[in-house]
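The values are calculated or read from the model by the stated rules, or taken from the named source; none is laboratory data. Just so we're clear, the structure is a prediction, and the values are computed from it rather than from any experiment. No Cβ is skipped: glycine too gets one built from the backbone with ideal geometry, and neighbour counts run over all protein chains shown.
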Amino acid sequence: MTRVLGEDAGALARAGADTAALAALEATVAGTLPGGAAGAIDAHVHLGRDRDGHRLEPDDLVADLDRWGIAAAVCFPPDDPGPDGQFQAANALVLAAARRFPGRIVPFCRVDPSRPGAGRAMARAASGGARGLKLHPVAQRFRPEDPGPVAAVAEAAARGWPVTIHAGLGARPLAGPLEEVLARVPDARLILAHAGRGDARAVAARLAGRPGVLLDTSLAALPDLVARPPGALCFGSDRPYGEHATAMQAVGLAARVAGWGGEDLAGVMGGTLRRWLGA
């Protein structure tokens, strides 16, 4: 199958896309990152089917990783909580995919910490091989500083798990609440999705650069990436809502504008997150 920008070229053509123009864009993106994406880890991928219809299957994801030379992806469910409200089936899909593609898919579980059963859901996922936790305060309508979410973060910390928290557009101001979470759970390790775009200035002032905080680059504004220390960033795409092409291009442009060195860029593209994951 011929692929352009990680997608089936035939399907793109049938949809009316200019595949020649897309192929030219792909070549440009491939040259944006010095050394390409070798060894990279994508910190932000939704695997499965969202209630809004977006979908990403494991085989398609791995083909996409191969196309771009990305070593692995941290994967968690989209917004598909199921009848139990605790993402049981969606977590099971991610865990099964990780068993099919060991080393390529790093499974995080997703729970709703505002509902009963979140701790049991995390324990069930841990027994299946989960290595982190995803929380989405907007989709599940909770405040991170409330008792349930703090308990979930504490449980994750006790398991040695990083916690990815949606911190993009639509989120209420999060810098203060997340400072409160870190005060209550000082050994927590938080990955703020979308580089904290929903509260970017306050996140930069109060959280960026703290040893227990990383900002993933998925769908982040370029000025926010340039303004952050590279040691505080980790590469993410937000597939299937975002694309690896644009995600890689954003990091490459930020590296050029900010003058990151080779070690800085390698850290953003996976080195720092690999240490967090113990990989």
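The figures follow:
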quantity: Subset of the stretch 179-193 (residues that are of a type outside the set (A, V, I, L, M) and touching a residue at least 60 places away in the same chain (Cβ under 8 Å)); calculated: R189
quantity: Matching residues in the stretch 56-69 - criterion: being part of a loop (DSSP other than H, G, I, E, B) and either touching a Lys or Arg at 6+ places or on another chain (Cβ under 9 Å) or at pLDDT 95 or above (or both); calculated: E57
quantity: Enumeration of residues in the stretch 94-110 that are among the basic types (K, R), within 16 Å of D66 (Cβ to Cβ) and buried (at least 16 other Cβ atoms within 10 Å of the Cβ); calculated: R104
quantity: Checklist (1) under 23 Å from R274 (Cα atoms); (2) touching a strand residue (DSSP E or B) at 6+ places or on another chain (Cβ under 9 Å); (3) at pLDDT 95 or above applied to L207, failing item; calculated: (3)
quantity: Residue, nearest to V74 (Cα to Cα), within the stretch 158-212, restricted to residues that are part of a loop (DSSP other than H, G, I, E, B) and of a type in the set (D, E, K, R); calculated: R189
quantity: Residue within the stretch 127-140 that is in contact with a Cys (Cβ under 7 Å, 6 or more places away or on another chain) and part of a loop (DSSP other than H, G, I, E, B) present; calculated: yes
quantity: Members of the stretch 44-55 found to be surrounded by fewer than 18 Cβ atoms within 10 Å (Cβ to Cβ) and either without any contact (Cβ under 8 Å) to a residue 40 or more places away in the chain or not in a loop (DSSP other than H, G, I, E, B) (or both), listed by number; calculated: D50, R51, D52, G53, R55
quantity: Test: L215 is surrounded by 20 or more Cβ atoms within 10 Å (Cβ to Cβ), closer than 16 Å to P144 by Cβ and touching a Lys or Arg at 6+ places or on another chain (Cβ under 8 Å); calculated: yes
quantity: Answer residue from the stretch 141-156, given it is part of a helix (DSSP H, G or I) and in contact with a strand residue (DSSP E or B) (Cβ under 9 Å, 6 or more places away or on another chain) and is farthest from L169 (Cα to Cα) among those; calculated: E155
quantity: Selection count where residues are hydrophobic (A, V, I, L, M, F, W, C), farther than 19 Å from I191 by Cβ and at pLDDT 95 or above, scope the stretch 30-55; calculated: 0
quantity: Odd one out for V251, checked against (1) surrounded by fewer than 23 Cβ atoms within 10 Å (Cβ to Cβ); (2) assigned to a helix (DSSP H, G or I); calculated: (1)
